[in-house]
Amino acid sequence: MDGPAPAGPFGARLPRKEDPRLLRGEARFLDDIEVPPGTLHAVFLRSPHAHARILGIDASGVRDIPGALVLTAADLPQLPPLRPDLPLPGFAVTERPLLCRDLVRFVGDCVAIVLAEDAYAAEDAAELVAVDYEPLPAIVTLEQALAEGAGSVHREAPDNVLFRNQVTTEGFDAAFAAAPHVFRETFVGSRVATVSLEPRGCLARHDPGLDETVLWSSTQVPHLVRNMLCEVLGLADTAVRVIAPDVGGGFGVKASVYPEEILAIAAARLLGRPVKWAGDRQDDFLSSSHARDMRFGVEMAMDADGVLAAIRIDVLANAGAYGGIPFGSSIEAGGGPRTFPGPYRFRHYAFRTRAVATHTTPSGPYRGVAAPIAFMAFEGMMDRAAAALGLTREEIRRRNLLDTADFPFVNASGIRYDIASHHRTLTKALALSEWEDFVLRRDADPDKIRGIGIACVTEQTGQGSTRYRARGLLRIPGIEAARLKMEPSGRATLAVSQTTQGQGHLTTFAQMAAEHLGIPPAHITVLEGDTAVSPFGSGTFASRSVVAAGGAVITAAEVIAKKMKRIAGHLLEADEADIVLRDGRAEVVGTGLSVTIEEVARTAYAMRPKGVPPGESFGLDTTEYWDQPFSSVSAAVHVAEVSIEKATGRVKVERYSIVHDCGRVVNPMIVDGQVHGAVVQGLGPALMERLVHDEHGQLLTTTLLDYTLPTALDVPDIAMEHIETPALDTKGGVKGMAEGGTIGAIPVLLSAINDALRPHGAWIHAIPVRAEQLLRIIRTQPGTPEG
Amino acid sequence: MSTVEITVTVNGSSRTRRVPDRLLLADFLRHELRLTGTHVGCGHGVCGACTVLVDGATMRSCLMLAVQADGASITTVEGLAPPGGLHPVQQAFHELHALQCGFCTPGFLASTIELLRENPDPSETEIREALHGNICRCTGYVNIVKAVRRAAELMRAG
Ligand code: FES
Ligand code: FES
């Protein structure tokens, strides 16, 4: 860490307020909530076919299960289909039925809701529903979807393109044509599942007497869920309350609104009984959004010195059968080109991008969205270019990284970078990783080949309303809010328009507010995840919390602090400008005169002999909204060392170093933890994770036996240092940071593997990198020992 | 559906219940006894979130029937420390930020307690080997490994 240790709560390694109840098993995740009497337990009957016509549904068999019942599309005729994308240029407007009536479009599409007195009986009943399907040919891959005569997943998108965009900057063609070197390659991502350890689930209750509808849902976006329930079911937002209880991991997969949430409410209202659905792991693999089935074709033009002249990319994203809500079908295809330019200085940029429909599970946001694959492509090309031009990998990056003098900088995709320290970050990362000494480690073990990789990445965080408007995502407000209410005791509650799935909001936001209020973080109770308690906002996704909601938290704390100073000035007969709030007191600087914060708060609530200053309102209570005007862009340099066992092709990550810059750090312990977790969510897709479909579109990986996740044995220790370049465009100088670990891990591991393979003359450009593939290269391409 | 009467000692108190013969131990603990600290992440024996101590040994409660636990003594996360307190392993997880969402945590605590009973001073490799049957999606394991070492120190000291 640069600089002296922080004096106040902002910047402190404060252990988390959320821990004790989680550690004692006292948390309440969705499936832990005691259900109201009369609750029906739901199982969603899912299509076993990727593409089929429904000829008939016979639910008469469930009569054998006492109390069981089945709802199909025919029972809920008033339910309109979802329309994920809006009629804007580049988008095809398609429909997603909540329950399929005539046609299913992926293995996992919902056909019926089966309900019974307990979850075991509901599973039994689901077995007894007979659906007559006529299977139809399925489109599974990007190639199939784009082939001539492929057929269409949606009538409204005959060519299967759900979203397209194409941009060429002025002067591109000339710059590209003039460059002496052009490097070309196509990079292929692996289709992955998020696997939040807690699967999705929800509990719906309708109270007709109160006309109140409540949904508890394992979601990252309670307000957006509420908005969709109102939009689809025609309910008044004042009568709908959505609560995210403790949530066991999100990472983006729970940032979408899913059919099950809407269907649970529809069923509860229809039947007059609470309805609970606790999804299992198979539900999760089949129905929770998949991610990063993407490819990037890159053409990188450089001058003779290895300086970038112009880049053209062609991006394809397999969007699956439907766009999601609220991110639509453009989430990955739009995000790919937007994030691609990274920390580099180049102006001539051309891209074409398409989101393509197939008969597979819908794709959606997952940590970093398209960026890990975008950087795998960019950094992969930088490595190739360096090799071709005879430059070291660090040198080619130095020649292209943005420098201090470049800022503020608007990159080729129109994103503003306020400030960064890319060169310093790189230098520090090379030192931390002992990059120069790697030659001494390379041949340390005769049974292994070793490589070292580097990746310089950026992470676009904290998007506000302008970004979401520009992306055509009108269902995402982009704003956040905080209600800060100091009670007469001098303690405060801080209700934030977000939810936390492990990111430590209850601690971080308390630290951010405490800095201004002069009270310890322990005296600030953060409340989140309940639309009846939290002010309106967008939710937790896209590394927005510390910037977007943090902006609201700081603004609210400033407003209350100002008012406290006015009251304290009145009590102490001093100028408010001379008052500081610290250590539980309001004091007049340099005089020794002070009152307690509690005294100030009691005065504000008319509980003391002396009143508030003339003209001042009572109370210490405010709600502030924040709209982040520009995204804030964090940066990191990752260095990884891998070994490949010659006999087996097994890859081991030997060392891993990161130098990270996300502006001012609120709680370094939490930030480090976020980076660690994010790195492992990149290590998995790079080395092992992959969702596999057969040619009929059947998902073959629906258990954790088939879908391999990293364990403690696969993960190295991670060395990390921070550079804190305070952001200029945000409140508090902070930047978001939850995704950068993943964005860096995939390119750096591929870079290290390719470095190990250099003597064998092979370049890998697809993930996951498999042992058998490496073994084949090592055996069949002995290559030349590196001179 | 046939039911069976079972008696299980859970966190020190004896509980007798008539349960369906197919009821999973995880569901028995969670829904019959309302000890919801034991979590189900996969239901098929891979993730380790449902791990509890049965007669002192780690078991996946999603792979075991409640009737198989008849006569056994079970410790769940709720029984690791006296009310309001923290077991040294819990304390170390807190100090070193070894949990984020906390969904995997009860399983890791059980596996750690078993490890440290058998090996009070494990090396980093031994820790990683002992925990490789527990999946965490949040922490990247980095701080979990550190916390286990810290817990070993705390327990040896105390
Ligand atoms: S829930 Fe038992 S191992 Fe995953
Ligand atoms: S802390 Fe979330 S899965 Fe481990």
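Can you pull out the strands (runs of 3 or more DSSP E) entirely within the range A:504-599 that have at least 1 residues that are in the same structural domain as A:PRO326 (by TED's automatic domain parsing), open to solvent by less than 20 Å² (accessible area, probe 1.4 Å) and closer than 24 Å to A:ALA727 by Cβ? Working first, answer last.
Values: elements: A:524-527, A:579-582, A:585-588, A:594-596.
Output list is empty.
Examine the range B:65-84 for a residue that is free of Cβ contacts under 8 Å to residues at least 40 places away in the same chain, open to solvent by 10 Å² or more (accessible area, probe 1.4 Å) and within 16 Å of ligand 2 (Cβ to nearest atom), and state whether such a residue exists.
Keep residues of the range B:65-84 that are free of Cβ contacts under 8 Å to residues at least 40 places away in the same chain, which gives B:80-84.
Still in the list and also open to solvent by 10 Å² or more (accessible area, probe 1.4 Å): B:80-84.
If we keep only those that are within 16 Å of ligand 2 (Cβ to nearest atom) too, we end up with none.
No, the range B:65-84 contains no residue that is free of Cβ contacts under 8 Å to residues at least 40 places away in the same chain, open to solvent by 10 Å² or more (accessible area, probe 1.4 Å) and within 16 Å of ligand 2 (Cβ to nearest atom).
Identify all residues within the range A:675-697 that are assigned to a helix (DSSP H, G or I) and hydrophobic (A, V, I, L, M, F, W, C); write none if there are none. Break it down into steps so the answer makes sense when it comes.
Initial filter on the range A:675-697 (assigned to a helix (DSSP H, G or I)): A:675-687.
A:VAL675, A:ALA678, A:VAL679, A:VAL680, A:LEU683, A:ALA686, A:LEU687, listed by residue number.
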Subject >> Filter result for B:LEU53 (open to solvent by less than 50 Å² (accessible area, probe 1.4 Å), free of Cβ contacts under 8 Å to residues at least 40 places away in the same chain, more than 11 Å from ligand 1 (Cβ to nearest atom) and away from chain A (no Cβ under 11 Å)) >> reply: no
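Sort through B:GLU124, B:GLU118, B:GLU114 and tell me the only one that's open to solvent by 10 Å² or more (accessible area, probe 1.4 Å), within 16 Å of ligand 1 (Cβ to nearest atom) and either more than 7 Å from chain A (Cβ to nearest Cβ) or within 18 Å of A:GLN501 (Cα to Cα) (or both). Before you say what the answer is, go through the steps one by one.
Working: B:GLU124 fails: within 16 Å of ligand 1 (Cβ to nearest atom); B:GLU118 fails: within 16 Å of ligand 1 (Cβ to nearest atom).
None of the other options fit; the residue is B:GLU114.
Suppose we keep only residues that are within 11 Å of chain A (Cβ to nearest Cβ) and open to solvent by 50 Å² or more (accessible area, probe 1.4 Å) within the range B:5-30. Which one would you say is farthest from ligand 2 (Cβ to nearest atom)?
Step one: of the range B:5-30, the residues within 11 Å of chain A (Cβ to nearest Cβ) are B:11, B:20, B:22-24, B:26-27, B:29-30.
With open to solvent by 50 Å² or more (accessible area, probe 1.4 Å) added as a condition, the list becomes B:11, B:22, B:24.
Numbers: B:ASN11: 23, B:ARG22: 28, B:LEU24: 21 Å.
In this case the residue turns out to be B:ARG22.
One line per residue, one yes/no per condition, for (1) outside any loop (DSSP other than H, G, I, E, B); (2) modelled with pLDDT of 95 or more:
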| site | (1), (2) |
| --- | --- |
| A:ALA606 | no, yes |
| A:PHE618 | no, yes |
| A:GLN628 | no, no |
| A:HIS638 | yes, yes |
**OP:** Take the residues in the range B:91-106 that are within 8 Å of chain A (Cβ to nearest Cβ) and farther than 20 Å from B:GLY133 by Cβ, then tell me which one is farthest from ligand 1 (Cβ to nearest atom).
**Re:** B:GLU95
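For B:LEU86, state whether it is at pLDDT 95 or above, farther than 26 Å from A:GLY684 by Cβ and within 9 Å of chain A (Cβ to nearest Cβ).
On the way: at pLDDT 95 or above: yes; farther than 26 Å from A:GLY684 by Cβ: yes; within 9 Å of chain A (Cβ to nearest Cβ): yes.
Here the answer is yes, as B:LEU86 does meet what is asked.
Does any residue of the range B:146-156 turn out to be surrounded by 24 or more Cβ atoms within 10 Å (Cβ to Cβ), within 15 Å of ligand 2 (Cβ to nearest atom) and of a type in the set (Lys, Arg)? First the steps, then the outcome.
Pass one, the range B:146-156, residues surrounded by 24 or more Cβ atoms within 10 Å (Cβ to Cβ): B:147-148, B:151.
With within 15 Å of ligand 2 (Cβ to nearest atom) added as a condition, the list becomes B:147-148.
Going one step further and asking which of them are of a type in the set (Lys, Arg), we end up with none.
No, every residue in the range B:146-156 fails to be surrounded by 24 or more Cβ atoms within 10 Å (Cβ to Cβ), within 15 Å of ligand 2 (Cβ to nearest atom) and of a type in the set (Lys, Arg).
Out of the range B:104-124, which residues are over 17 Å from B:LEU53 (Cα atoms) and either within 11 Å of ligand 2 (Cβ to nearest atom) or polar (S, T, N, Q) (or both)?
The initial filter retains those residues of the range B:104-124 that are over 17 Å from B:LEU53 (Cα atoms), namely B:120-124.
Selection gives B:SER123 alone.
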Subject >> Filtered residue count, the range B:127-158, keeping only those that are without any contact (Cβ under 8 Å) to a residue 12 or more places away in the chain and within 11 Å of another protein chain (Cβ to nearest Cβ) >> reply: 4
Original post:
Is it fair to say A:SER47 is among the hydroxyl-bearing types (Ser, Thr, Tyr), over 30 Å from B:HIS39 (Cβ atoms) and either open to solvent by less than 60 Å² (accessible area, probe 1.4 Å) or modelled with pLDDT of 95 or more (or both)?
Top reply: no
Subject >> Counted residues, the range A:175-200 - those being part of a strand (DSSP E or B) and either aliphatic (A, V, I, L, M) or within 16 Å of ligand 2 (Cβ to nearest atom) (or both) >> reply: 4
Original post:
Counting only residues that are within 26 Å of A:ARG442 (Cα to Cα) and away from every other protein chain (no Cβ under 14 Å), which one in the range A:712-748 is most open to solvent (accessible area, probe 1.4 Å)?
Top reply: A:GLU721
**OP:** Collect the residues in the range A:429-470 that are assigned to a helix (DSSP H, G or I), open to solvent by less than 50 Å² (accessible area, probe 1.4 Å) and touching a strand residue (DSSP E or B) at 6+ places or on another chain (Cβ under 8 Å), keeping them in residue-number order.
**Re:** A:ALA429, A:LEU430, A:LEU432, A:TRP435, A:PHE438, A:ARG441
Original post:
Does the range B:31-49 contain any residue that is open to solvent by 10 Å² or more (accessible area, probe 1.4 Å), within 14 Å of chain A (Cβ to nearest Cβ), part of a loop (DSSP other than H, G, I, E, B) and out of contact with any Lys or Arg (no Cβ under 9 Å at 6 or more places or on another chain)?
Top reply: yes
Original post:
What is the residue count in the range A:15-48 for residues that are more than 8 Å from chain B (Cβ to nearest Cβ), of a type outside the set (Ser, Thr, Tyr) and touching a residue at least 40 places away in the same chain (Cβ under 8 Å)?
Top reply: 14
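Please go through the range A:341-397 and pick out each residue that is touching a Pro at 6+ places or on another chain (Cβ under 6 Å) and of a type outside the set (D, E, K, R). Let's see the steps before the verdict.
Just the residues of the range A:341-397 that are touching a Pro at 6+ places or on another chain (Cβ under 6 Å), to begin with: A:351, A:353, A:375-376, A:379.
Matches in the range A:341-397: A:PHE351, A:THR353, A:PHE375, A:MET376.
Please specify each residue of the range A:488-503 satisfying the condition of being of a type in the set (S, T, N, Q), free of Cβ contacts under 8 Å to residues at least 60 places away in the same chain and surrounded by fewer than 24 Cβ atoms within 10 Å (Cβ to Cβ). Step through it out loud before you land on a result.
Keep residues of the range A:488-503 that are of a type in the set (S, T, N, Q), which gives A:489, A:493, A:497-501, A:503.
Keeping just the survivors that are free of Cβ contacts under 8 Å to residues at least 60 places away in the same chain gives A:493, A:498.
Result: A:THR493, single match.
The values are calculated or read from the model by the stated rules, or taken from the named source; none is laboratory data. Here the structure is a predicted model, which means the values were calculated and not measured. Neighbour counts run over all protein chains shown; Cβ positions are idealised from the backbone, glycine included. Ligands, DNA and RNA are excluded from the accessible area calculation, which covers all protein heavy atoms including side chains. Shrake-Rupley method; radii C 1.70, N 1.55, O 1.52, S 1.80 Å.
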